[in-house]
1. What list of ³J(HN,Hα) values in whole Hz, one per residue of segment 76-89 in order, does the Karplus curve 6.51 cos²θ - 1.76 cosθ + 1.60 (θ = phi - 60°) give from phi, with Gly and Pro shown as x?
2. Taking neighbour Cβ counts within 10 Å as the exposure measure, how do L69, L21 sort from fewest upward?
3. Which order do peptides 53-66, 36-49 fall in by mean Cβ count within 10 Å, highest first?
4. Hey, rough spin-label estimate for D78 and R8, points 7 angstrom out along Cα→Cβ, what's it come to in nanometres?
5. At a Förster distance of 25 Å, what's the computed FRET efficiency of D20 paired with K59, Cβ-Cβ distance as r, to 0.05?
6. Over the chain, what relative contact order in percent results from Cα pairs under 8 Å that are six or more residues apart?
7. Per residue of the chain, what 222 nm ellipticity follows from adding -39500 (n - 2.57) for every DSSP H run with n ≥ 4, rounded to the nearest 500?
8. For the chain: lysine pairs with Cα atoms under 16 Å, gap of 8 or more or different chains, count?
Amino acid sequence: MKKPEKIRILGQWAKVQYVDLTKGGEAVGEVLYGDCDVATRTIRIEKSLDDNLTKRVIKHETMHMKLGLSGLSEILTDEQEEAICVLVESD
Ligand SMILES: [Zn+2]
């Protein structure tokens, strides 16, 4: 799989970086998979993930970016936003 290095989200380009996230990121269970920084339009994905998991985490973090860019995240609790993103990543 060719990993995308940028994704267009709500008309804006977001960078996608594949990095070692052991220094911080979003915890899924005990594993750090990805994070999303709306201010810098940057999504970071744990580089050791396989293709399927990489796709899932990109979907998940893209939804965080959408909610952030649209302003919807302002009216959601962290738990509500996370539940939406988990739903979106699921097939
Ligand atoms: Zn999340």
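Coordinate-derived values only; no laboratory data. This structure is a prediction, so every number in the text was calculated from the model and none was measured. When we count neighbours, we look across all protein chains shown, and the Cβ atoms used for this are built from the backbone with ideal geometry, even at glycine.
1. Karplus values, whole Hz, x for Gly and Pro: 10, 6, 4, 5, 5, 4, 4, 4, 5, 5, 5, 5, 5, 6.
2. Fewest-to-most ranking of L69, L21: L69, L21.
3. Ranked from most to least packed, the peptides come out as 53-66, 36-49.
4. A separation of 3.4 nm, rounded to one decimal place.
5. After rounding, the FRET efficiency stands at 0.75.
6. Once normalised by length, the contact order is 23 percent.
7. -11500 deg cm²/dmol
8. Value for the chain: 20.
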